[in-house]
Every structure is written in structure tokens, then in C-alpha cells.
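First comes the structure, then the notes that go with it.
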Ligand SMILES: *Cc1c(COP(=O)(O)O)cnc(C)c1O
């Protein structure tokens, strides 16, 4: 049987807005401004409003957003940046691209986001090492993985105690909040991705940095374009990470639909949780007034992950695994193992258990029914 319920469907949302998107595209084509123009500025302002931050700086991808946020915070080559190994490789790659050293930390067993206790233990350990071997950890990147906010209260306390800047990786978490504060404004800066399958998706690559700091925003505007503050004169060693007018115009159209999209994701997650609760599988955390989940992915956990995945596939249902191997177990990143304090038991264990069910706003009720029935059958038939 071929897959007729895909795991994700980035074209579905675009199709619904096709007319408005085509109008927006035509306007850009006729305008003659194709990069960092009025559409980008308007998107920056609208996104600042939506993310509850003072300034937003549009860049070319989520990875660039992380890298430039670190650089704007003054992170120097050789300095340490703590983050999780259970994340998209982009988080770690951004750290190495500014010459810094990723110091990998375990995740919390419930939220699968950065474990504050292990962060503290890791920082204390690195601080005690002989000077020649010591990594000076200057920043931490909590990843709001799957759309679930990390424990920012605890992380902020540790960051203050150890003098770290906080850069939030919000690539999967636009729409998430702690209390009434959206993610992205809970540290020095927040990095967002508009990769097509993210909660707010472009039709190509794009990203954004959000910050309340005017000086950080100014540094980011310079870094994204060759380090210019004046044309053709570089005051900093910047890069080319500009956003296209076309992507900005399309993102603005999609942003008008975002609240409705998010409501659909919330409803789908609630339906899954309701239907799957009786089964011997571990379900993701649900939203509360304290912590709002953006439901970028709906990730269940079971020791029988591979069999369940095959069963779903045989019944035409696509799934994903985010991610099959933690970053430090991937061939290019084995060198990071030496900086890990005491192993990463939760990280190493969960990657065999996690399974991402279909999740996108246009997923229909009867499809969710079929997915849940298929999972029920797997457990009741003792397959
Ligand atoms: C998608 C993603 C990124 C990178 O974003 P790109 O736009 O693909 O560069 C970074 N971190 C996480 C957690 C992501 O999911």
C-alpha cells in the first residue's frame, strides 16, 4: 500500500492561500526590489509583534539565525556553547560555524528539552578543570524541541549564576509560550526557521532573529550583510545572510493564517492524546496555562517503535523520526564526545523509542481517526 496519509504536507497550506500568494509574488516581481526591501521590513515588524519582542532581523535560514545571534552576542572562537545533542544537527553546526565549541548536555525525560540539572553539573565540571583543558562556556542554546518550551525559569537561574548568554532555538516553536510570554523573548535572542515544514513556512529557506536589545539588533543587521553599517564599508566581519523579498511577501500572507493553523495543530494534538491515552505508549506533554506547546511535531514513545512504524506504513500512514541519532553519535561530530560530562543516558535511550505521527494543520478528522485506529489495532492484535 502506498502512503496516503503523509507525515507532513507543506503544499497543503500554500494551496489554500494560492491566490493571495500569487498576488503578493506579482507585486514583488513588479517592484524591482528583490532583497531586504519593504516586504522584509514589514515582515520583521509583524513578526516582532507576533513574537512579543522589540526587534526582529530577517536572515536566510534558521541555522544562520543561530550563528549570527551567537556572533552578535560576542561569542569568540574557542569559547564553549552548551546545548543538547537531541536536536536538529543545525543547532550544533551553527555553534561550530562561529568557531565555538559545542558542549552537549542531556535532555529531561518528560519534555525532551535541555535538562537544567545536567547543564549545571556540566558547567560546574568544566569550571573545575585545569586551565589548559578548560572550555570557557559563554552561552547556552535551549532548544524548544517539537514545539515544547524548555524549562526557561531554571535555565535562566543557571545562566545568571554562570554568566551565560541565552540564545533560544525556536526553529520548531513559533506559537509556543511560557505563561503569556512567547518563546524567543526569554533570553538575549531567539532564532526562528521558516523552512517549509516549520509551523510558519516559506517556500524556500528563511529565518529570523528576535531580540529586545536594540544594540544586538543593530549588530545583527550589520552581520547579515558583510558587516556593513555603511554601504561598502565593513565594520565587522559579516556574512551574506539576507532574506528575499519573495519569501518575506509569502511569509506575510501565511502569517495572517497562523492563528488558525496553530488552532488546528492544537486540536489535532488534543485528539491524538485523547485517543491514544489508553495504550502502553508514552505521550508528549500537553499545553497548560503555564506552558503552551506549539505542536510542531507529535512525538510518541514506545520500545516497539520500529514495529509500530512498519505497521503504520503498511497501512498507508507516513511517520518520521526526529532524530534517529543524537548529534554526538553522528560521524561528523564524534569529536564532541570528549566534552560531555558523565554521558547522556536519556538522549541515548530515547532515540530508539521516538516516533513522530502525521502533524500538519490540514490533517483531517477522518485521517486522525484512521491513524489512531491503526495504532490501537497494533497493540490489541499483539502484532
Ligand atoms: C529546522 C531547525 C533548525 C535550522 O533551521 P534551517 O532553517 O533549516 O536552517 C535549527 N534548529 C532546529 C531545532 C530545527 O528544527
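Nothing in this text is a laboratory measurement; each read-out follows from the coordinates by a stated rule. What you see is a predicted model, and the numbers here were worked out from it, not measured in a lab. Glycine also receives a Cβ, built like all others from the backbone with ideal geometry; neighbour counts cover every protein chain displayed.
Summary table
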| read-out | value |
| --- | --- |
| Spin-label pair residue 213/residue 25, simplified geometry with 7 Å Cα→Cβ offset, distance in nm | 3.9 |
| Principal axis box of region 263-319, alpha-carbon based, largest edge first, Å | 37, 21, 17 |
| Enclosed volume per residue, in Å³, of the convex hull spanned by Cα atoms of region 79-121 | 55 |
| Distance histogram for region 101-199 (every C-alpha pair counted, 5 angstrom bins, percent rounded to whole numbers) | 3, 13, 23, 24, 17, 10, 5, 3, 1, 0 |
| Max mean-square fluctuation residue, GNM over the chain, Cα-Cα springs under 10 Å, options 16, 344, 123 | 16 |
| Global geometry of region 185-233, whether rounded, prolate or oblate, following the gyration tensor of its Cα atoms and the 1.5 cut on a/c | oblate |
| Projected-area average for region 151-190 over all orientations - Cα convex hull basis, square nanometres | 2.7 |
| Gap separating the Cα centres of region 237-262 and region 1-74, nearest whole Å | 1 |
| For region 129-172 versus region 193-235, the gap between their alpha-carbon centres in whole angstrom | 21 |
| Compactness index (Cα Rg / 2.2 N^0.38 Å), region 260-383 | 1.18 |
| Square roots of 5 times each gyration tensor eigenvalue, C-alpha, the chain, largest first, Å | 33, 29, 17 |
| Average projection area in nm² (convex hull over Cα atoms of region 4-122, one quarter of hull surface) | 11.3 |
| Inverse mean reciprocal Cα-Cα distance (Kirkwood Rh) of region 187-276, Å | 15.4 |
| Global geometry of region 143-219, whether rounded, prolate or oblate, following the gyration tensor of its Cα atoms and the 1.5 cut on a/c | oblate |
| Relative packing of 200-209, 76-85, 62-71, which averages over residues the other C-beta atoms within 10 Å, highest first | 62-71, 200-209, 76-85 |
| Where only alpha carbons of region 20-83 are counted, the Rg and the Dmax (Å) | 15.8, 48 |
| Helix-derived mean residue ellipticity, 222 nm - over the chain, DSSP H n ≥ 4, -39500 (n - 2.57), to 500 | -12000 deg cm²/dmol |
| Per principal axis, descending, Cα span of region 162-319 in whole Å | 62, 37, 31 |
